[in-house]
Amino acid sequence: MSRLRYVPRILGLEQALRLFACALAVACDAVWTSIRGAVAAVEVRRMSQVAFRKRAVARVVQTLGALKGPFAKAGQFAANRYDVLPPFATEALASLRDRVPPIPPSQLRSTLESELGRAVTDLFAEFDPEPIGAASIAQVHWARLHAGTEVAVKVQYPWLEASLAADLVIVRVLLMLWSWTGGPSRSVWARLLREFETGLREELDFKHEARMAREIGANLSQDPQIVVPRVIETHSSGRVLTVEYHPSVAISDRSALERLQVTPRAVLEILIRAYTKQMFVDGLFHADPHPGNLFLLDEPGAKERPRLLFVDFGLSRRLDPQLRREIRLGIYALMRRDLDGFIAGMDRMSMVQTGHRQAVRAAVASMFQRIGGGSNALEIAGSQVLPLKDEAKALLQATPGLHLPNDLLLYAKTLAYVFALGAELDSDVDLLKLSLPALLRFLAEEGADEKSAKPA
């Protein structure tokens with residue numbers, strides 16, 4: 001496919017026009033809502049404003065999804081920023097994680113052939129034109145190698161690499177406009193942009209994803225019930241990633257689990273082993289644990305020994321040792337209801353902006369009080385984890401001057417997703433109890449950390 005067809009995208013014209021059309025539609029809707037509200041009762045006016053905000057966010061989400069690339073990724077990134085956006089916005093933006101509209105496979109052919117240096121027919125004996133899935137930066141197709149191996153081929157959208165510079169300029173301008181209209185300050189959005197760009201460049205590099213998959217697979221290889229697909233090196237590059245395909249069913253597909261005679265509890269036991277190992281032991285974790293990335297292998301013997309399949313390692317994180325240490329200290333302080341220790345950790349991570357320390361301290365103290373419980377770290381049950389997540393989100397949304405590192409948010413969000421998934425699959429399973437051995441080993445290092453964190 002000729003590069004010329006993507007010139008408007010590479011120059012940023014297509015993106016700018018679509019975003020302008022979205023902004024114009026939102027502005028017209030705002031004017032009409034205002035006119036109607038001028039003659040309406042107070043309650044009707046309030047409901048109209050709420051409906052308008054939801055329509056506006058829906059338009060933005062639809063536009064970001066259609067633009068794909070950095071724009072869909074920016075929406076996904078923003079969905080984690082409970083400290084910056086209101087709940088209705090983060091919930092709507094979270095839908096960008098699941099699926100975006102696919103593009104015709106004919107448009108991917110040039111990327112496949114230029115990256116791998118051979119014609120598609122030479123690379124694959126079969127290549128299904130219908131995608132298995134489409135996401136923000138790539139879509140995945142089933143294929144069969146000439147040797148007979150079934151594979152999943154992840155191909156990056158053909159314009160992304162060339163349009164990245166223009167895309168990031170537009171994202172920067174949008175953030176600047178947002179700050180001028182009451183959004184986060186320049187220092188905050190500049191930090192957000194740095195974090196976003198770093199994560200985006202990693203996700204666009206499929207060689208990086210392949211390395212993450214290999215390393216996480218090696219870390220989990222001692223557990224025979226966890227499967228990470230093997231990367232097919234000969235059919236992979238910076239913009240194409242080919243991995244071995246495994247017939248499987250989504251872990252949320254209850255009818256399929258019943259057919260395989262596998263209980264949700266059995267799936268959750270494997271899931272929690274995998275994530276506690278990654279998050280409490282290895283410090284490198286698959287950070288996108290939703291049903292579209294977690295599957296149960298559809299194979300004989302699944303009843304006796306079910307196996308959990310992980311896919312899509314584009315969103316993986318290796319924790320900085322200092323951040324990992326602060327997370328450990330923070331969990332320990334939270335479990336002990338140690339307000340001073342918790343606030344000290346926030347200060348060390350520069351989470352509290354100048355002039356807001358007292359307000360943040362009061363908000364955290366209020367959260368501790370609402371959580372309740374005693375001083376024993378083991379008194380927190382798995383059923384309390386999701387309410388704790390809600391308390392933390394409320395704290396972020398209601399407390400000015402509080403800003404979290406993105407990797408910390410991603411770590412907390414990943415844990416929250418795992419517990420939410422557990423509640424969805426089998427609410428009778430106490431995931432915290434299952435994760436307790438790994439958590440205790442993680443916290444066992446706390447004594448040395450706590451001493452080193454205190455001033456001499």
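The values are calculated or read from the model by the stated rules, or taken from the named source; none is laboratory data. These figures come from a predicted structure and were not determined experimentally. We place every Cβ from the backbone using ideal geometry, glycine too, and count neighbours over all the protein chains shown.
Do we have Val120 as touching a strand residue (DSSP E or B) at 6+ places or on another chain (Cβ under 8 Å), assigned by TED's automatic domain parsing to the domain that holds His246 and free of Cβ contacts under 8 Å to residues at least 12 places away in the same chain here? It is true that Val120 is touching a strand residue (DSSP E or B) at 6+ places or on another chain (Cβ under 8 Å), assigned by TED's automatic domain parsing to the domain that holds His246 and free of Cβ contacts under 8 Å to residues at least 12 places away in the same chain. Residues in segment 344-362 that are part of a helix (DSSP H, G or I) and in contact with a strand residue (DSSP E or B) (Cβ under 8 Å, 6 or more places away or on another chain): Met346, Val360. Listed by first and then second residue, the pairs with beta-carbon distance under 9 Å, at least 6 apart or on different chains, first residue in segment 320-349 and in contact (Cβ under 8 Å) with a residue 60 or more places away in the chain, second among the hydroxyl-bearing types (Ser, Thr, Tyr) and not in a loop (DSSP other than H, G, I, E, B), are Leu323/Tyr411; Arg325/Ser452; Ile327/Tyr411; Gly341/Tyr332. Filtered by the rule that a residue be surrounded by 15 or more Cβ atoms within 10 Å (Cβ to Cβ) and polar (S, T, N, Q), segment 115-151 gives Ser136, Gln139, Thr149. Evaluated against (1) touching a residue at least 40 places away in the same chain (Cβ under 8 Å); (2) over 26 Å from Ala362 (Cβ atoms), Ser427 falls short on exactly one condition, (1). Within segment 388-396, the presence of a residue that is at pLDDT 80 or above, part of a helix (DSSP H, G or I) and not assigned by TED's automatic domain parsing to the domain that holds Val140 is excluded.
Matching residues to (1) modelled with pLDDT under 95; (2) in a loop (DSSP other than H, G, I, E, B):
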| position | (1), (2) |
| --- | --- |
| Glu130 | yes, yes |
| Trp142 | no, no |
| Gly148 | no, yes |
| Lys154 | no, no |
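Here Glu326 fits the description: in contact with a helix residue (DSSP H, G or I) (Cβ under 7 Å, 6 or more places away or on another chain) and either within 28 Å of Tyr411 (Cβ to Cβ) or surrounded by fewer than 21 Cβ atoms within 10 Å (Cβ to Cβ) (or both).
How many residues are part of a loop (DSSP other than H, G, I, E, B) and free of Cβ contacts under 8 Å to residues at least 60 places away in the same chain if we restrict to segment 7-26? Break it down into steps so the answer makes sense when it comes.
Taking segment 7-26 first, the residues part of a loop (DSSP other than H, G, I, E, B) are 11-12.
Now restrict to residues that are free of Cβ contacts under 8 Å to residues at least 60 places away in the same chain: none.
Count: 0.
In segment 363-380, of all residues being at pLDDT below 65 and in a helix (DSSP H, G or I), the one that is surrounded by the most Cβ atoms within 10 Å (Cβ to Cβ) corresponds to Ala377. If the condition is being hydrophobic (A, V, I, L, M, F, W, C) and at pLDDT 90 or above, then segment 302-318 contributes Ala302, Leu308, Leu309, Phe310, Val311, Phe313. Inclusion of Gly65 among residues that are in a helix (DSSP H, G or I) and more than 33 Å from the chain's Cα centre (by Cα) is not warranted.
Here is a yes/no grid of residues against (1) among the polar types (S, T, N, Q); (2) assigned by TED's automatic domain parsing to the domain that holds Asp122; (3) surrounded by fewer than 20 Cβ atoms within 10 Å (Cβ to Cβ):
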position	(1), (2), (3)
Ser221	yes, yes, yes
Ile226	no, yes, no
Arg230	no, yes, yes
Glu233	no, yes, yes
Ser252	yes, yes, yes
Ala256	no, yes, yes
Glu269	no, yes, yes
His286	no, yes, no
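Against the numbered list (1) out of contact with any helix residue (DSSP H, G or I) (no Cβ under 8 Å at 6 or more places or on another chain); (2) hydroxyl-bearing (Ser, Thr, Tyr); (3) over 28 Å from Arg191 (Cβ atoms); (4) modelled with pLDDT of 75 or more, Ser383 comes up short only at (4).
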